[in-house]
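The values are calculated or read from the model by the stated rules, or taken from the named source; none is laboratory data. Computed from a predicted model, the values in this text were never measured in an experiment. For neighbour counting, all protein chains shown are included, and Cβ atoms are generated from backbone atoms with ideal geometry for every residue, glycine included.
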Amino acid sequence: MSMESAHSSNPWEVPVRDQILTAFLAAKEHRVSGAQLSRQLGLTRAAIWKQIHSLEQLGFQFSAATRRGYQLERVPDLLLGPILRQHLPEQVRFGRTVVWQQEVDSTNVLALRLAQQGAPHGTLVNALVQTGGRGRRGRRWVSPSGGLWMSLILRQSLPLAVAHELTLVTSVAVYRAIQKQAAFPLSIKWPNDILCDGRKVCGILAEIRSDGESVDYAVLGIGINTNVQPGDLPTDLNTKAVSLAAYCGKPISHVDLAADILTELEPMYNRLVAGQSAFSQVADEWRAHSATLGRRVEVTVGHNTYRGLAEWLDDDGVLQLRLDDGARLPIHSGEVLWAEGESHP
Ligand code: BTN
């Protein structure tokens, strides 16, 4: 490999840091010499040392022995490509390309830009902190360090008519993955919030580019309040949101959680791409964990607000609202608020 070819040209190409990390992970408990890395990657010894130093600053620990090289001693819980790949089952294609940043305005904004530039299907964008995290309906999504903020680029063609199922099946994938970590009292609020003991722990924002009939590409943003310290959230959010770690008293592994979400989600997404209904397969599960059904709700659709009883969610993800005048209103997409006088579940 030439000196140049070890350097990336596209933001989604494997950075040198990750190439070095891959070599260390492959060596397992063996030492890797600087000379060996230098030959393998076509980089100077000084460049290798600089990368090892930058890995140390991210929390990796190496032991060094004169003339015998370095050994990787500690791997932090970071969603870097080589680490995530070790946690993904072989058949999973999502997350094989990872763009990782310490800080970004919004992983969705970056992912949309990368998708436009041709980043491959299944690319995962992750950042430790978002300075301009985006929520639904143009809201701000507070994203301090400690949370899992990630966006998945999906670029297989999908009929626009089933695009709303994407967020619904994602909520089921996230629900299952969180539940694997510990027995949390989780519920799903239509269309796609995950609540823990009635407080929000996860929000999902799908942003879609379409030619009018089918989805050209989609960016699926998932924000999970995993290990955020309560003091790092604005006070008004502390009553509405909770972190999983604060709830269960132990840190949540981002790598395990992200790998489980991708593993759960991929087969459901593939069903949608194949023209099959994906949500109908998991609708019973969604309904069993719903925080919305059977409750009086206020639903905002565009500029209109409707009040009534959330009676049922169809197999194709349409919410059936029984209005106060007795009429039934099918809601395809919208925002649910709890009706006055009702406390959160
Ligand atoms: C909501 O309003 O409930 C949706 C919130 C979605 C937040 C996630 S965090 C990762 C991704 N990047 C963003 O800017 N937003 C989504």
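Just need a number here: residues in segment 154-170 that are in contact (Cβ under 8 Å) with a residue 60 or more places away in the chain, more than 12 Å from the ligand (Cβ to nearest atom) and out of contact with any Gly (no Cβ under 6 Å at 6 or more places or on another chain).
Quick first cut of segment 154-170, residues in contact (Cβ under 8 Å) with a residue 60 or more places away in the chain only: 154-159, 162, 164-166, 168-170.
Those still in the list that are more than 12 Å from the ligand (Cβ to nearest atom) too: 154-159, 162, 164-166, 168-169.
Those left that are additionally out of contact with any Gly (no Cβ under 6 Å at 6 or more places or on another chain): 154-159, 162, 166, 169.
Qualifying residue count, segment 154-170: 9.
Looking only at segment 113-137, which residues are of a type in the set (Lys, Arg), in contact (Cβ under 8 Å) with a residue 60 or more places away in the chain and either more than 8 Å from the ligand (Cβ to nearest atom) or touching a Phe, Trp or Tyr at 6+ places or on another chain (Cβ under 8 Å) (or both)? ARG134 - this is the single residue of segment 113-137 that is of a type in the set (Lys, Arg), in contact (Cβ under 8 Å) with a residue 60 or more places away in the chain and either more than 8 Å from the ligand (Cβ to nearest atom) or touching a Phe, Trp or Tyr at 6+ places or on another chain (Cβ under 8 Å) (or both).
If you go through segment 31-73 and pick out every residue that is touching a residue at least 40 places away in the same chain (Cβ under 8 Å), within 23 Å of GLN101 (Cβ to Cβ) and either in contact with a strand residue (DSSP E or B) (Cβ under 9 Å, 6 or more places away or on another chain) or among the polar types (S, T, N, Q) (or both), you end up with 1. In this structure, LEU195 qualifies as more than 10 Å from the ligand (Cβ to nearest atom), touching a residue at least 60 places away in the same chain (Cβ under 8 Å) and farther than 24 Å from LEU80 by Cα. Segment 222-333 holds strands (runs of 3 or more DSSP E) entirely within its bounds, and those carrying 2 or more residues that are in contact (Cβ under 8 Å) with a residue 12 or more places away in the chain and within 16 Å of the ligand (Cβ to nearest atom) map to 296-301.
On inspection, ILE208 passes the criterion of being modelled with pLDDT of 90 or more, within 16 Å of the ligand (Cβ to nearest atom) and over 14 Å from the mean Cα position of the chain (by Cα). Could you check, for segment 91-110, whether at least one of its residues is over 21 Å from GLU13 (Cα atoms), crowded, with 20+ Cβ neighbours inside 10 Å, at pLDDT 95 or above and within 18 Å of the chain's Cα centre (by Cα)? No. Looking across segment 211-247 at every residue that is more than 16 Å from the chain's Cα centre (by Cα) and β-branched (Val, Ile, Thr), the one that is farthest from GLY334 (Cα to Cα) is identified as THR235. Condition test on GLU311, is it of a type outside the set (Ser, Thr, Tyr), out of contact with any Ser or Thr (no Cβ under 9 Å at 6 or more places or on another chain) and either exposed (fewer than 15 other Cβ atoms within 10 Å of the Cβ) or under 24 Å from TYR175 (Cβ atoms) (or both)? Criteria met by GLU311. Against the numbered list (1) touching a helix residue (DSSP H, G or I) at 6+ places or on another chain (Cβ under 7 Å); (2) assigned to a helix (DSSP H, G or I), GLN116 comes up short only at (1).
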